[in-house]
Structures are given as C-alpha cells and as structure tokens.
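A.B. asks: Below is the structure I would like to discuss, written out as structure tokens.
The values are calculated or read from the model by the stated rules, or taken from the named source; none is laboratory data. Just so you know, these numbers come straight off a predicted model, no measurement behind them. Every residue, glycine among them, receives a Cβ derived from its backbone with ideal geometry; neighbour counts consider all protein chains shown. Surface areas here come from the heavy atoms of the whole protein model, side chains and all, with no ligands, DNA or RNA. Shrake-Rupley method; radii C 1.70, N 1.55, O 1.52, S 1.80 Å.
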Amino acid sequence: MKKPKVAVLGSSQLIFSLKELGFDLVGQAEADIIISDGSTFSPSTISGKSFVGIGSSAMRAVKNSGVLPGLDYAATGNGHEGLIKAVVNDHVLTSGYQKDELLYTTWGAWITSVPEDAEVLATFSNSDDFYVAGWWPKHEKAKGQILAITKNFEDSTITLFANDLAFRAHTQYSYRLLANSIYASVGTEVLKKGKGKVNGKEVKAENNKADKSFFEIGRDRD
C-alpha cells in the first residue's frame with residue numbers, strides 16, 4: 001500500500017489533525033483524496049479521487065452541486081455541539097469501531113435523505129437518551145437520523161459525515177474515520193459490507209478485532 005496524498009479544503013484544525021496523523025498534504029491535482037470541512041466543492045476536481053465532506057458546510061456544497069441527486073440534510077445551527085450515541089454499520093470505512101459508539105459533533109446537523117445506492121455508515125441512536133452531553137438546542141430532531149454515508153460517483157467516491165472529526169484536534173476518537181477514508185482512497189475498489197480491494201488484494205474489515213488505539217487505551221483506563 002502506498003502512502004496516500006491528501007488535499008485539505010477548510011479549517012486549520014483539520015489541517016493540524018491530518019498532519020498530526022502523519023499524512024502528506026498536497027494540492028488537489030496531486031491528491032488521492034480531498035477532505036473538506038468547508039463550503040468549497042467542485043465535481044471537476046475529484047475525478048479519480050475520493051472526497052470526504054465533514055459537517056453542514058461541506059454537505060451543503062455537495063448538495064448544491066447536484067452530483068448526488070436525492071441528498072439532503074438538516075441542521076439546527078453550526079456550533080450546536082454534543083456527545084451522542086451512534087450506531088455504526090460494518091464497513092471498511094468504519095473498521096475498528098463497535099456497533100454502539102459515542103461520537104462528537106459541533107455542526108448540529110444530520111442527513112435526511114440518502115441518494116440511490118448510497119451506503120449508510122452510521123446513524124444517531126434511536127434511543128431516548130441518544131444525546132449524552134453538550135449544548136445543542138433542539139437536538140431531539142436528530143434522534144435516529146443518518147450520521148454518515150458513502151457513495152460511488154463516476155470514478156470517484158464521495159463520503160459525507162454530519163458530525164465533526166477534527167474539532168480543535170480533540171476528537172481523536174474520530175481520527176480513525178479519517179484514516180480509514182484516506183487509506184481506502186488508494187484501494188482499487190471499495191465494496192459493500194466492510195469489504196474492499198487494496199492493490200488487488202481483497203480485504204475485509206472486522207470491527208471487533210481491531211487493536212485499540214493509543215487514545216482508546218487512555219480513554220478506557222480506570
């Protein structure tokens with residue numbers, strides 16, 4: 001597997017987090033994957049690449065471009081934040097996570113409509129106590145809604161997260177979602193239900209068998 005080249009559109013906190021993870025940041029033309037938490041999206045720049053959009057600004061840009069008919073989202077407001085219970089589906093992009101997880105958001109957003117053939121990666125829990133802590137007025141609207149999706153688009157893959165993966169570089173537990181997306185961008189094909197091919201070799205994600213990261217070990221200490 002070659003080391004992926006990553007282009008970033010958006011915030012300095014996203015740039016910092018990706019550098020912290022050790023990825024090489026390049027211009028869009030050279031990149032294997034473009035990651036954005038900003039409001040810029042151009043379909044012409046993602047040919048042959050993967051694109052990851054984070055938060056409502058990126059989702060709005062993708063929606064307005066018209067490349068994913070059927071995509072829609074809702075939000076109460078940027079800056080509405082909190083720790084939420086999520087249900088994570090088995091997929092190569094979610095490898096290393098359990099079915100029931102705690103994730104963080106600061107966008108106050110969720111996906112309301114999914115394009116045809118898109119795969120749902122995660123949802124907000126449908127339990128009444130899905131919202132654990134934070135400041136998110138009207139957060140109850142997000143209960144049971146979609147949190148993340150991925151879809152092939154021509155010779156590209158577009159993945160959208162309604163939650164924040166790099167807020168102030170303190171959401172390290174979400175870094176694996178970034179890393180999974182980046183490494184998948186250099187595979188030849190991403191298949192359904194956690195399967196994929198990297199350099200012609202088929203791989204299968206086994207969520208329950210991934211080793212714990214440094215951050216998870218620290219989180220789980222007594």
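A.B. asks: When you count, for each residue, the other Cβ atoms within 10 Å and take the mean per peptide, how do 34-45, 161-172 rank with the highest first?
C.D. replies: The packing order, highest mean first, is 161-172, 34-45.
A.B. asks: Now for a different question. For the modelled label position 7 Å from the Cα of residue 155 along Cα-to-Cβ, which residues of the stretch 38-66 have backbone nitrogen atoms closer than 17 Å?
C.D. replies: So the set is 43-51.
A.B. asks: Here is a follow-up. Between residue 168 and residue 120, with labels modelled 7 Å along Cα→Cβ, what's the label distance in nm to one decimal, could you check?
C.D. replies: Each label point lies 7 Å from its Cα, and together they span 3.2 nm.
A.B. asks: Let me ask something else. In Å², what does the accessible area per residue of the stretch 10-112 work out to with a 1.4 Å probe?
C.D. replies: 39
A.B. asks: Could you order peptides 60-69, 118-127 by the average number of other Cβ atoms within 10 Å of their residues, highest first?
C.D. replies: 118-127, 60-69
A.B. asks: Right, here's the next one. Is the shape of the stretch 39-193 rounded, prolate or oblate, going by the alpha carbon gyration tensor and its root eigenvalues a ≥ b ≥ c, with a/c under 1.5 for rounded and a/b larger than b/c for prolate?
C.D. replies: Prolate, since a/c reaches 1.5 and a/b exceeds b/c.
A.B. asks: Oh, and also: Whole Å is fine, so just give me how far the alpha carbon centre of the stretch 125-187 lies from that of the stretch 1-18.
C.D. replies: Taking the Cα centre of the stretch 1-18 as reference, the centre of the stretch 125-187 is 17 Å away.
A.B. asks: Can you give the extra length, in nm with one decimal, that the chain gains between residue 26 and residue 129 once fully stretched, where that is 0.36 nm per residue apart less the Cα-Cα distance?
C.D. replies: 32.9 nm
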